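To keep things clear, I will list the structure first and then write my remarks on it.
The values are calculated or read from the model by the stated rules, or taken from the named source; none is laboratory data. What you are looking at is a predicted structure, and each value in this text was computed from that prediction instead of being measured. Don't worry about glycine lacking a Cβ; one is built from the backbone with ideal geometry, like all the others, and counts go over all protein chains shown. Quick note on the areas: whole protein, heavy atoms, side chains included, nothing else; ligands and nucleic acids left out. Shrake-Rupley method; radii C 1.70, N 1.55, O 1.52, S 1.80 Å.
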Amino acid sequence: MDYQKVPLTQSIGVELLKKIFGVYCIAAIFITLFQGWLEYSQTRNRVVQYMIEHQPLVEDGLANALWHLDQPLMDSLIKGILSQSTIIGVSVYNDKGEILAQGGNTKIASSTRPMLTKSAEEIDSDRYRHQFSLFDPNKLTTGAIGQAVFYTGNDVVIEEVKPTLISLLTAAVVKTLILWSVFIYFGQILLSRPLNQLMALVRKLPMDSDDSTDPPKKHKLNELQLFEFALTDITQKLRHTLRSLRSSNDQLSKINLHLLRAIEQSPTLSTILSAQGKVLYATPSLAELTGFNPQEIQTLFDQNFVKALPFQSLVTRSINKNSKQQKWSGEVKIRNKAGQNIYLHASLSPVYSEQGQIEDYLFSANNITELKQLELELKEKNIQQQQNIVRLQDTKNQLLQSEKMASIGQLAAGVAHEINNPVGFINANVDTLNNYLVDLFSLIEQYERQSADPALGYQGSAKLSKDIDLDFLRHDIPEMLKETQEGLQRVKKIVADLMLFSRTNETEFESYDLRLVLESTLNVAWHELKYKAEIIKELDDIPFIDCIPSQLNQVFMNLLINACQALPERGTITLRSKNDGDFVIIEIEDSGCGIEPENISRLFDPFFTTKEIGSGTGLGLSVSYSIIKKHQGEISVESQLGSGSCFSIRLPIRQPEVKQLPVDIANSAT
């Protein structure tokens, strides 16, 4: 407890004044309340009495108006009665108890029950109501012809008594303030001033806020209690301070010993250097790691660390800038006494005094030799792995090209036949054109002779024209040239499609029309397809997509050849293209034998085939799956045994920015 901050309100003088004044205030409150109640009761009786005294003034008028049933007169009388401040409501009843007229506040319920059975609220209401009978003004009858009721209320009584109550309350407050001033004046002179002087002496005692001693049972002390406890407490604190000093000294010695052991046994290498680079202290772990004895640590620093560390530059920056942000950290490579390399993650920072001046420099480091060796081994393995990846990629590309060439090899005879047909009739047309040229050159020579010797006449040229049938040549030569050009275009297209299909090392995406890719694939495989399949094209308009055409050519070739081989004798292959939002869908459907249900989940596995041994490599659909995945697309199949199969390819119109992706053949089914 901090006794220096004990408030003065806890003094004996103040407490005594509070208690005396408290008793007086309670007595004054009760006396004032009693006087107010008496005044209230007297005022209430006066209000009721005034209401009773007002009866003779209006009784005859009300009886006359009631006898003649003069409603305007009755209302006028009621209005006059209500003009009195003490009457707030009037009701007039006939002899049957029916209300003939009323005015003001008449909500105070009347009750005819006996007084003993009435509630307190009903009894209070009866006190503010005056009821009297009205008789015949002509005295023709002796019975009452009606009744009149005057009403008043507690609000009227309060309004009447309010000035008196305010006067009583004001007088009580004034008397209280005067008495309090007297108490304060004499209390300060007779009691508070001497006690305050004693309190000032107590506050000057050398006391702190240490709570190690038992606090007083009372947290609010008066002057005498505080003085008594202060003397006792200061004695205990002196004893406790002496014990604490002895204990703190022992603990500090133990902490220094533990700290020294922790630093010396820590795996962190710590060294304190002066600004000149002299080793002031080094942990034994540094000597143990490097093989240098403690006397040779300075030599170790001079030979290794001075070259590896920016010590002098750090000292210069620290002195010039005098900033606590000056620090260096990094990797250091040194040699131990045996000449072996040691890698350290080190830091060098200034050590500041309490005044903020640089005293020494702390060098700390952790041995990362094993981590560094693992890092070097990992880098070497990473280089080897990259080389293996490159070789594997080359092998994959070769396998991909081999599969493509195998597909072309299967179609080689058909392609050769497709090329041989136009070449055959081109050759025949060339021979025929050669004969036609011989005849035409003969005719030209005849014309030249006739031009040189007009005597020969034109009979020879006319006969020769008839012999070679010049009119037929005029018609046949253009037709023959047209057929030859068509044949050459056909050969040219077959060669172009073959070149597109067999392109190697094509990895760049380009914007292309998939329908053209399908058409070129059909041209290459046409000889294989035309004898077994009727090609049905349902190709809707689709946008150009980002793709590698030669690779998709291979996918379509594999699917078309498989569809053709699935046809038993003769069937249909339907090609469809359609747009699906940001994707394009290509479907290749055949009316063949279908696929066994247990084989559908394995269709895209590498080297899986349902063909006879030697008839297929089992890589066609696997390679196709990898190519579609490279295009960020999907390939799926629906098949019903005996009804055919439908392969659906879904490709995005736009490829993401990273387009150079390897075709994974070995794991294409995942």
Calculate, in whole percent, how much of the Cα-Cα pair population of the stretch 232-316 lies beyond 16 Å.
66 percent
For the stretch 283-289, in residue order, the Karplus 3J(HN,Hα) values (coefficients 6.51, -1.76, 1.60; θ = phi - 60°; whole Hz; Gly and Pro = x) are 5, x, 5, 5, 5, 5, 6
Taking 32 Å as the cut-off for C-alpha to C-alpha distance, list the pairs among K278/K379; K482/K530; K463/K492 that go past it.
K278/K379; K463/K492
Check E534: other-chain or 5+ apart residues with amide H under 5 Å from its amide H, H built from backbone geometry?
G571, T572, I573
Expressed per residue, the solvent accessible area of the stretch 350-397 in Å² (1.4 Å probe) is about 75 Å²
Length added when fully stretched, D580-L238, from 0.36 nm per residue minus Cα-Cα
113.9 nm
Simple spin-label model, 7 Å along Cα-to-Cβ: Q355 to S511 in nm?
7.7 nm
Listed by chain and number, the residues whose amide H is under 5 Å from that of L619, excluding neighbours fewer than 5 places away on the same chain and using placed H, are F607
Whole-Hz Karplus ³J(HN,Hα) for the stretch 16-29, in order, using 6.51 cos²θ - 1.76 cosθ + 1.60 and θ = phi - 60°, x for Gly and Pro?
5, 4, 4, 5, 4, 5, x, 5, 4, 4, 5, 4, 5, 5
If each part is reduced to its alpha-carbon centroid, the stretch 154-184 and the stretch 39-114 end up apart, in Å, by 35 Å
For the stretch 516-589, percent of DSSP beta bridges that are antiparallel (nearest 5) comes out at 50 percent
Describe numerically, in nm with one decimal, the distance between label points set 7 Å from Cα along Cα→Cβ at T572 and at E370.
7.4 nm
Evaluate E = 1/(1 + (r/R0)^6) for F472 and Q565, where r is the Cβ-Cβ distance and R0 equals 56 Å; express this FRET efficiency to the nearest 0.05.
0.70
Length gained, Y24-E598, 0.36 nm per residue minus C-alpha separation, equals 195.9 nm
